[in-house]
Each structure stands twice: as C-alpha cells, then as structure tokens.
Amino acid sequence: MTIAWNPETQEWHLHNGRTSWVLGVLPNGWIGLLHAGAPLAVGPSYAHLGPSDFAGFDNRVGEPVALALPVPGLGDFRVPGLVVEAADGSQVVEPRYVTHRILPGKPPLPGLLPGTYVEDDAEADTLEIDLRDEPTGLAITLTLSIFRDQPIVARSVHLKNFGGAKVVVRTAMSATLDLPDDDWNLLTFSGAWARERFPVDRPLVPGRQGVGSLRGGSGNEHNPSLVLRRPATTEAAGDCWGIVLAWSGNFLAEAEVGPFGTTRVRIGVHPDQFAWPLEAGESFTTPEALLAWTDAGLSAMSESLHELLRHRMARGPWRDAPRPVLLNNWEGTYFDFDHDRIVAMARAAKDMGMELFVLDDGWFGRRDSDDRSLGDWVVDRRKLPHGLDGLAREVKSLGLGFGVWIEPEMVNPDSDLFRAHPDWAIGVPGRKRTESRQQLVLDFANPVVVEHIASAIIEAIASAPIDYIKWDWNRFITEPFTPTLPPERQGEFFYRYNLGMYELYERLTTRFPHILFESCASGGARFDAGILAWAPQAWTSDDTDAVERLKIQWGTSFAYPLSSMGAHVSAVPNHQTGRLASLDFRAAVAMFGAFGYELNPTAMSEDDLATVRRQVAFYTERRDLFQYGRFLRLRSPFDGDGNETAWMVASPDASRAVVAHYRVLHRPWPHRDRLVVRGLDPAARYAVTCWDGFGAPMPTVERGGDELMTVGLGIEPPDPMPAGADADGHREVRGDFRARLFDLRKVEG
Ligand code: GLA
C-alpha cells in the first residue's frame, strides 16, 4: 500500500520511493499540502512543514499556507482551485474535512472523461478525501492516485450539490500544487500551425504566468501541459515537475508567485467562458491532471510521463502493438486522385516495404477542394468508381492495410448535410457564423448531431475493410452556443462539446476495436493527453520539413511518447518551407516517431525508391526501440544557433540503442566534437555501427558504455572515419542536412 494515514497527526502520506505527497487535515478542517516532490521517510509527521499554529486565516490574512484545494474569499488571495457561487450570489465556500477512503487501484472517472487506469490493483492506490461546505450543501471529493512504478500522482475533483438550492461552479481546476519557494523556471509549449509545441522557458516572476486555450480545443497556440525546473536542472539531472491535463478542450495552465515567494500551479478547464450550475443532486467532475516529479532531470521526467501515457492512458489493441509504416497520399496528390492513381501509389508503397496505405481528404461527397462536402460521408464514385470497398480490397490484396481520413465534427455550408440541417452548425441565432477554411463546426454538444454523424461514419467505415482512421479537426470554435441548453446553462457548452467528441470516439473505437486511430487537427492542434485514450497516435504537425520537425518533435517529447507522434517523410522542395533537405536527413528525423511517408512514390527516381526501401527496413528492424524504447534528449535544437540536435532511444535493459545526431548546415573546419550519450550500461561493451545515410554502414567498432557516457561518441572527427571522408585531406564529413544514426548493441559475454 502506497498511501499511509496517521489518525493521530491526521496526515496522509502518498509514497512510492520515488516521490512523496503529504497532506494533512489542518486545525480548521481544511486540507493542507505539507509536501509534494522528493520522497520522504514514511512515519514521521510533517506538520511542521505547514504553518505551525494554523487556525484558519483569522488575523493571518495572506499567510503563505499551502493548501490542497484553495478557495477565494477567505484570506488566500492567490489564484483559486475552486470557485463556487452560492444561491445568494456570494462566492465564498469553505470545504472542510469530513472523511476519506484509501482504495487499492484507481477507480475510473465518471462518464467519458479520459483518465489513466490500472490493469491490476497493485499498480496504484487512491486517496479520496470528502469535504463539505455546510451552508451550501456542496460536497467535494479530492481524488489522488499514486502509481507504484512512476513518480506520478493523478488528481481530479468531484463536486456534488447535496443542498436544496442551486450553486454555480465558476472555476474547477483539476489540480493545484503549492510549492514552498519560487526558484523555478516555467516551461510551456507554444507556437502556431506548423510550429507547434516549441518550449518557452523563463524564470518565474511575481504574479501570474501561464498559458491556456479558449479555442474549443486544446489548440496549437499552447499545449495543456507545463514543466517547472530548477534553474540548474538539465536533461540529465536536477529537480523538475511535469504536469499534463487529460483534456482536449479549453484549458488553463499557470503558475503564480505570491508575495512570500511561494508558487502555486494550477491546471484545469479554463474558467473563462465556463460556468456549471448544479441543482440539488447534480454533480460535476473535472478532467484528470497528472503531476510527475523527479530529481533526475527533464528526460527522466518525460520518460515517466511517456510510460504512463502510452501504457495506461492509451487503450485498446494498438496500445502495445507495432505501429505500421504508412504511406499517406495527402502531400502526394492533395484532392487530385482516382482509384487507379491510388492503387499505383499503394503498389509502390508495398514494393518499398510499407505496411499501410492511408487515403486522406477528398474521397467523399464531391470534394475536389476544401470548400465543400464535409458532412456528406458518402464515397465519391467519380473518383472511386468501385467504392471505398473496391479500393480497400484492391489495396489490401497487395498486402497492405488500408486507412481513410475523416473530419466528423465539421460541415461545409456547401454540403447536403448543411442544406438539410443548417441549425446543426454551431452559431448564435441571429448572428453571422464565422467561417474558417470555408467550414463550420457541428454542434457536438447536441446528442442528436453526434448520433447522426456516428451512424453516417459507422456506415461508411463498415462498408469497407478499414484498418486505420485519421480523424481531423481543421478549425476552432466561434460563436459558441447550443440551442440544446437553456440560457443559464450555456457556460457548459465547450465542456459538453468536448464530451460529445469523446462520445463519438468511444462509439467508433467500441464498434471497430481493430482500427488504429490517429488524431489530427490541422496537424498538431489537438495533441493532448486526453485524446490518447482513444487515438494512441496523433499527426504531430502539418509541417513535414525535417529541420522544423526537429524542433516540433523535441518540444512534443517533453510530455508525449514517440509512439504517439506521427512523423512522415515528404517530398522536396518541402511544401511548408521550400527547403531541400536530403532524403536521408528527412527519414532520420521521422523515424523518431510513428513513421511513415507522405509523398507520391510514382514520381520518385529509382535511386530514391531504393533508398526508401532501405530506410523502411532500417526502421522496421528497430521499431520496438523507436516506438517503445526510452527516449532521451541529448542536444537541443533550441540551444545556440540551432544547427545541431541529438537524441536517442534505448531499450529499458540497455542492451540496444539508436543515437541520432543531426547537423543542419555544414561549417568548414568544425570543432572537435564528441556526443555524450545516456541510458547505457557503463560496465558493458557495445558494438557501434554508424549510418551516414542509408547505404552501407561504416565498419562496426566496439566501445565501452562508460566511454560513450562520459567521453562520448565521435562526431567530428567521426568514429570510425567513413571511407572517403578525408580523401582530399579533410577529416570532416561535408554537406548540409547531415544525419548520423548510431546503432548500439551490447556485446554479450
Ligand atoms: C489537415 C491535416 C492534413 C490533411 C488536410 C486535409 O490540414 O492536418 O494532414 O489531412 O487537413 O484536408
């Protein structure tokens, strides 16, 4: 049991040897957070870490007490975790301890809220603390689960109105975390379309700082996650917190430094444009937040989140299965394809060793461009005269899987669906609806709409042997409103929209459990922990340029595992940047993800086809490492002038690894350089084989794990020196866009 309760001291201690959380009932019945972070001995009281003679805020207004559930109006003027409006309009509630339960395992969140789970009760323990505000009759349950094998606590909050009068939930954060000092840097993951999740790192300053989304989805501007690191923390060592929210809708993730130099972090559904009335008997549950702590550096923090998200957030048969190498036709054809063209592309894909063909946008309605037919999920027989079924069967007869693209939450005004049901598109009656990409968002807060789309999509999918679905979402929500809710409940709209989307995912994954779902939202605008419960991988970004992808995949990897990051090789000049990176460089970047290609192989040279064949073989031979190995970041593309990046994957038993070093531009007379790697066995010898391109590798050399992790791998001059590198007297390997992959295998005996 990883949760201890001491009735004498009224303290709970959640512990697993890697982290500790100590909570206590304060003298006034509030719940204090006495400690969170480093593992502490179980047994002693830690009451002294809280205020020594705490008796509420009487005459002590502003005292920096650490609380598990901060509320406003009672002397703590920092950002609250919970704001509830009573029937008289006041916003003062005072949740006091009633009782608690310690449960083996981890009960599921109610309804369709995504959350981590256990397969065996021994994997986690759960503490449920019941609180009550007597005047309103509001009951609150704080739920904290600690995992046995990861330094991670999952938290959510459940609210129920037991009183007679209605209350309105104005703010309900999934988690707050009070830390005793402010000596932290805050990292958030921000950007825009085609440059998603770039880490933004700054020291905390007094006041509030953070990110959020009011777009109706988690968005590409900011990610629902944050990291706190000590200023000296590096990838390899030091204290840090990694916090993610399992939610795909509007969110807030922020830190506040108070006047006494304490830090409060909070993460949850964004309180703006949110209000949730609770009539007597009604309840509300927040999404789940995951809080990871380690003193072993940022890569270790990421590793623990990766482990949990890929094995205990993701579900279904694809969770642990090898993900197929795919060919997607989007950048290869856009809307300009027909049955024969697709079959020719699929044949070439098969010939290169790929495993799945994905037919992207344009197969339904009369969709020759992005201005029509979303909502009409009926195959376009002009392009596909044999139907989806005929195409799928022909592709599958080649020995490939077959997948399709859908965008089920959307409708074009130029569609049969919109003409029949204009009121199903989100909008405020009497106001113009804002279009984006000539499309509107369907009202997924309306169960009738979800039901209709579910039947249409199920019919389309069931009509053909489909193995994979790419689920897109190509605009944000404007004019939020649903006619299905009364005026006083419109504050529920965004939350209910998101639940409607989860409902459709649930329907489709239940009906078609064998299908691999990949989420997408104009690339990476819905890349969050919540969506992974249904779609274990996501299209990381519409930007397929390999140089840009180094940054995008680096930033994404802080919270999310490689198995969740769709990454494709596309043609050059790159369609987003015009850059001409080499085919080897493009593949060496995309391999650190759920790998595929997105180009037209029938337009490629024989040489390039042969190279791709070797790339696919290289990847599939090491797929378990790339998809399920430990991912360690070595050199950041955000450091210096960004010319270099290095990262690696290692097997948990340190018997195998692949290390990648990327150099964007070559500069003459490079400095001598060795790359220090991690994750190996220092006592072991490794056979090291370097691929500079996917032709013949360089001769294998043997090096010690100790040497590789202290002195490093030779980058300049390369170790071993490739044939011809010094043919004209130069010892460096020349050329821009150079990627080196080092295959490391432990030498037995
Ligand atoms: C979005 C996706 C792309 C592609 C197009 C199709 O932009 O991110 O990958 O599927 O839609 O319209």
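Remarks
- Filtered residues of segment 692-713 (kept if under 30 Å from residue 607 (Cα atoms) and in contact with a Phe, Trp or Tyr (Cβ under 7 Å, 6 or more places away or on another chain)): 694, 697
- Among (1) within 15 Å of the ligand (Cβ to nearest atom); (2) closer than 18 Å to residue 503 by Cβ, the one test that residue 415 misses: (2)
- Just one residue in the set 211, 244, 265 is part of a strand (DSSP E or B) and within 30 Å of residue 577 (Cα to Cα); that residue is 211.
- Boolean, residue 527 is among the aromatic types (Phe, Trp, Tyr), within 16 Å of the ligand (Cβ to nearest atom) and in contact with a Ser or Thr (Cβ under 7 Å, 6 or more places away or on another chain): yes
- Residue within segment 156-179 that is within 24 Å of the chain's Cα centre (by Cα) and not in a strand (DSSP E or B) present: no
- Number of the condition not met by residue 419 [criteria: (1) within 27 Å of the chain's Cα centre (by Cα); (2) over 30 Å from residue 356 (Cβ atoms); (3) of a type in the set (D, E, K, R)]: (1)
- Screening residue 446 against (1) buried (at least 18 other Cβ atoms within 10 Å of the Cβ); (2) within 16 Å of the ligand (Cβ to nearest atom); (3) of a type in the set (S, T, N, Q) leaves a single unmet condition, (2).
- Of all residues in segment 75-89, those satisfying the criterion of being in a loop (DSSP other than H, G, I, E, B) and closer than 17 Å to residue 266 by Cβ are 76, 77, 78, 79, 80, 81.
- Residue list for segment 636-652, restricted to those being in contact with a Leu (Cβ under 7 Å, 6 or more places away or on another chain) and assigned to a strand (DSSP E or B): 645, 646, 647, 648, 649, 650
- Flag for residue 381 being more than 16 Å from the ligand (Cβ to nearest atom) and within 23 Å of residue 419 (Cβ to Cβ): yes
- Selection within segment 509-544 - crowded, with 24+ Cβ neighbours inside 10 Å and within 26 Å of residue 578 (Cβ to Cβ): 520, 521, 523, 524, 525, 527, 538, 539, 540, 541, 544
- Only listed residue being of a type in the set (A, V, I, L, M) and free of Cβ contacts under 8 Å to residues at least 60 places away in the same chain, chosen from 590, 594, 571: 590
- Checked against (1) out of contact with any Asp or Glu (no Cβ under 9 Å at 6 or more places or on another chain); (2) closer than 21 Å to residue 555 by Cβ, residue 307 meets all criteria but (1).
- Near pairs, Cβ below 7 angstrom, 6+ apart or cross-chain, from segment 247-260 (over 18 Å from residue 155 (Cα atoms)) to any residue that is modelled with pLDDT under 95: 256/78; 258/64; 258/78; 259/62; 260/64
- Boolean, residue 564 is within 30 Å of residue 653 (Cβ to Cβ), modelled with pLDDT of 95 or more, small (Gly, Ala, Ser) and in contact with a helix residue (DSSP H, G or I) (Cβ under 7 Å, 6 or more places away or on another chain): yes
- Filtering segment 505-524 to residues that are within 16 Å of the ligand (Cβ to nearest atom), closer than 21 Å to residue 477 by Cβ and either among the polar types (S, T, N, Q) or over 11 Å from the mean Cα position of the chain (by Cα) (or both) leaves 519, 520, 521, 522, 523.
- Restricting segment 354-378 to residues that are hydrophobic (A, V, I, L, M, F, W, C) and more than 15 Å from the ligand (Cβ to nearest atom), the residue that is nearest to residue 406 (Cα to Cα): 378
- Verdict on residue 177 being crowded, with 22+ Cβ neighbours inside 10 Å and over 25 Å from residue 502 (Cβ atoms): yes
- Which numbered condition residue 408 fails, given (1) over 17 Å from residue 342 (Cβ atoms); (2) away from the ligand (no atom under 15 Å from the Cβ): (2)
- Of all residues in segment 381-399 being surrounded by fewer than 22 Cβ atoms within 10 Å (Cβ to Cβ) and touching a Pro at 6+ places or on another chain (Cβ under 9 Å), the one that is farthest from residue 325 (Cα to Cα): 389
- Qualifying positions in segment 26-42 - modelled with pLDDT under 95 and surrounded by fewer than 21 Cβ atoms within 10 Å (Cβ to Cβ): 27, 28, 29
- Total residues in segment 223-234, condition crowded, with 21+ Cβ neighbours inside 10 Å and more than 30 Å from residue 270 (Cβ to Cβ): 0
- From the list 475, 496, the one residue that fits, being among the basic types (Lys, Arg), under 27 Å from the mean Cα position of the chain (by Cα), away from the ligand (no atom under 16 Å from the Cβ) and crowded, with 18+ Cβ neighbours inside 10 Å, is 496.
- Criterion violated by residue 409 - all others in (1) of a type outside the set (A, V, I, L, M, F, W, C); (2) closer than 15 Å to residue 466 by Cβ; (3) in contact with a helix residue (DSSP H, G or I) (Cβ under 8 Å, 6 or more places away or on another chain); (4) buried (at least 22 other Cβ atoms within 10 Å of the Cβ) satisfied: (2)
- For segment 653-686, a residue qualifies if it is under 22 Å from residue 700 (Cα atoms), in a loop (DSSP other than H, G, I, E, B), more than 24 Å from the chain's Cα centre (by Cα) and not basic (Lys, Arg), and the qualifying residues are 653, 654, 655, 676, 677, 680, 681, 682, 683, 684.
- Top-ranked residue of segment 530-542 - restricted to ones that are more than 10 Å from the ligand (Cβ to nearest atom) and of a type outside the set (Val, Ile, Thr), ranked as farthest from residue 312 (Cα to Cα): 538
- Count of segment 330-353 residues which are within 12 Å of the ligand (Cβ to nearest atom) and either farther than 22 Å from residue 539 by Cβ or more than 32 Å from the chain's Cα centre (by Cα) (or both): 0
- One residue stands out among those in segment 422-438 that are buried (at least 17 other Cβ atoms within 10 Å of the Cβ) and assigned to a loop (DSSP other than H, G, I, E, B): the one that is nearest to the ligand (Cβ to nearest atom), which is 426.
- Among residues of segment 7-21 being closer than 23 Å to residue 121 by Cβ and without any contact (Cβ under 8 Å) to a residue 40 or more places away in the chain, the one that is surrounded by the fewest Cβ atoms within 10 Å (Cβ to Cβ) is 17.
The values are calculated or read from the model by the stated rules, or taken from the named source; none is laboratory data. For clarity, every value in this text was computed on a predicted model and none was experimentally measured. Glycine gets a Cβ as well: all are built from the backbone with ideal geometry, and neighbour counts include every protein chain shown.
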